[in-house]
């Protein structure tokens, strides 16, 4: 970029990568919705757990988030249900799997 006399955008149309078509799919919209739910929970906001799960139904963490939120609200049976459903999904780490199992154990003793 040496020798440029002014600050300007450099664009080469033949080198431009087109947007990913995934950005136009319902799956992407659901992903964006899931991210909003996740952020809202992180900020201490309220969510509808059924909508949270519907936004990413194959992701175990959606169920864990719904379960943790339900637990926080004192909805213990609902939390237990969501934790059990989380175990039916592929879980990323053994640590997360153990967390879910410990929560189930704690709720079944209550």
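Read-outs throughout are calculated quantities, based only on the coordinates presented, and are distinct from any laboratory measurement. All of these numbers come straight from a predicted model, not from anything done at the bench. Positions of Cβ are generated from backbone atoms using ideal geometry, with glycine treated the same way; all protein chains shown enter the neighbour counts.
Helix 26-42 axis versus longest C-alpha principal axis of the chain: approximately 60°, rounded to the nearest ten.
Which order do 21, 55 fall in if you start with the one that has the fewest other Cβ atoms within 10 Å?
Working: 21 8, 55 20.
So the residues, fewest neighbours to most, are 21, 55.
Relative to the dominant Cα principal axis of the chain, helix 94-109 is inclined by about 30°.
Among 90, 32, 12, the largest mean-square fluctuation in a Gaussian network model of the chain, built with springs joining Cα atoms closer than 10 Å, belongs to 12. What is the angle, in °, between the Cα long axis of helix 60-72 and the longest principal axis of the Cα atoms in the chain? Nearest 10 is fine, range 0 to 90. Computed tilt is about 50 degrees.
Calculated mean residue ellipticity, 222 nm, the chain: -18500 deg cm²/dmol, from DSSP H runs (n ≥ 4) at -39500 (n - 2.57) each, averaged per residue and rounded to 500.
Hey, any idea what the orientation-averaged projected area of the convex hull of the chain's Cα atoms comes to, in nm²?
Values: hull surface 46.2 nm².
The number I arrive at for the chain is 11.6 nm².
Here the spin labels are modelled as points 7 Å beyond Cα on the Cα-Cβ line, and at residue 30 and residue 16 they lie 3.2 nm apart.
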